[in-house]
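The values are calculated or read from the model by the stated rules, or taken from the named source; none is laboratory data. Note that the structure is predicted; figures quoted are calculated from it, not measured. Here the Cβ positions follow ideal geometry from the backbone for every residue, glycine too, while neighbour counts run over all protein chains shown.
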Amino acid sequence: MQTHLKKRVEIVVEFPVLRRLLDRLDRAQVTGYTVVPALAGRGHDGPWSSEGLAGDAGRMVMVVCITDPTRLDPVLEEVYAVVSRQIGIVAVSDVQVIRAEHF
Amino acid sequence: MSLLELAAQNLLSPMVLFFALGLAAALARSDLTVPEAVAKTLALYLMLSIGFKGGAEIAASGVTARMVGVVLMGIALSFAIPVIGFLILRAVSRLSRVDAAAVAAHYGSISIVTFIAATEVVRGQNIPFEGYLVAVAAVMETPAILSALLLARKGQERSGGNGGSLGSLLHEVGLNGSVVMLVGSFLIGWATGQKGLGMIAPFIVDPFRGVLCLFLLDMGLVAGRGMREGARHLSPPVLGFGIVMPLLSAALATLAALPLGLSPGGAALFITLAASASYIAVPAAMRLALPEAKPAIYLTLSLGVTFPFNLSLGIPLYMALAGLVAG
């Protein structure tokens, strides 16, 4: 089966800035994204966990977005505008998809 | 009842003991946990219950000039306390301007769970209090955030650097889920009055204390984890601030309560509001507005130091202070 090369952008970000990040992705006209809750982890300031948290601070989520390589830079610029000062990570990787027109 | 008797009775209440259980379990690295979704549901339940009951009491008593005065005084305290806290932190600790402002914001805002715990202590002593203090709690959430932003501004290259303006920040803070739930339930309670309260009392009145115990168990677990992981971020002066600042805020609120004519129960809750430190609404606002500020400092201090202090010793002390200024 023929596959097509796309870019997968993974953004692990603090929950309080999620809405701003999704607004930016919408502005970059990505065709879609998925938000996944993150349960626990470890970063520069030590371990963290979302267990038992009644508030949003301290919660992390992962946003997964697949886009065409030609549109990667505008997407990353929008993402960077939100996450540059926040806790979190941004990673870009190559992926193969079956339906090129979806992205 | 003397202050010591009140403190001893409070320390042996189920609420404080469940909090202590959670704290001890977390410090001992037990695998006891409350799922995040359950914790959020419990918090929503408590907001609904306390808001509705406050609104129903207003429906019975009506809006008075005294109520307006207490609300305005609460707003003024919420603006002023962060300034005092900021100046103290800058004088006694090596916290950066942004970290000091973020910590100060937590102490100017309020902890609704501390307030709820205090209402249960006051109720347990059969001391009446004004239902509109729920509204005072709601309006004291936000002014402290504005104060902190002004205090931190000189330390920032620009505000809203994560893609948001001050307007969008205020929108997000003002429509924070806990604020919407508290204010919305208060308005529904006000609109439906005692009749409405009677209709849902089996849900929001009878199970209230049991739910509060479960929520405080969770708070103890979160506070214990925070202390375990975050204590290394707190220097001795900052740790001391977590105890001294609520006492200073309580002293200021006691003076502020003098001309307000509150009942002893109302004054105790007003002082408790001023002395409490936020750990739900303000931390999320700080992640938006001052992302350079370290959450390990302000969350650990607010939840791991000030909340246990207020829950165990602070509330009885604030009740004693209220006895000095309320008739």
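Within segment B:224-275, if we keep just the residues that are more than 14 Å from chain A (Cβ to nearest Cβ) and not in a helix (DSSP H, G or I), the residue that is farthest from B:Val70 (Cα to Cα) turns out to be B:Ser235.
One residue stands out among those in segment A:63-73 that are out of contact with any Lys or Arg (no Cβ under 9 Å at 6 or more places or on another chain) and surrounded by fewer than 16 Cβ atoms within 10 Å (Cβ to Cβ): the one that is farthest from the other protein chains (Cβ to nearest Cβ), which is A:Thr70.
Assessment of segment B:83-90 against the conditions (under 23 Å from B:Ala43 (Cβ atoms), among the small types (Gly, Ala, Ser) and crowded, with 19+ Cβ neighbours inside 10 Å) yields no matching residue.
Going through (1) surrounded by fewer than 17 Cβ atoms within 10 Å (Cβ to Cβ); (2) at negative phi one by one, A:Ser49 falls short only on (1). Taken across segment B:276-291, residues that are within 18 Å of the chain's Cα centre (by Cα), at pLDDT 95 or above and part of a loop (DSSP other than H, G, I, E, B) do occur, with at least one present.
If I ask for residues that are more than 18 Å from the chain's Cα centre (by Cα) and facing chain A (nearest Cβ under 9 Å), which ones from segment B:292-310 would you list? Residues satisfying the conditions are B:Glu292, B:Lys294, B:Ala296. Of the set (1) within 14 Å of chain B (Cβ to nearest Cβ); (2) closer than 30 Å to B:Ala231 by Cα; (3) in contact with a helix residue (DSSP H, G or I) (Cβ under 9 Å, 6 or more places away or on another chain), all apply to A:Glu78 but (2). In summary, helices (runs of 4 or more DSSP H) completely within segment B:114-188 and bearing 3 or more residues that are touching a Phe, Trp or Tyr at 6+ places or on another chain (Cβ under 9 Å) and modelled with pLDDT of 90 or more occur at B:133-139, B:143-152.
Taking segment A:43-70 as the range and being under 18 Å from the mean Cα position of the chain (by Cα) and in a strand (DSSP E or B) as the test, the residues that pass are A:Gly43, A:Met60, A:Val61, A:Met62, A:Val63, A:Val64, A:Cys65, A:Ile66, A:Thr67.
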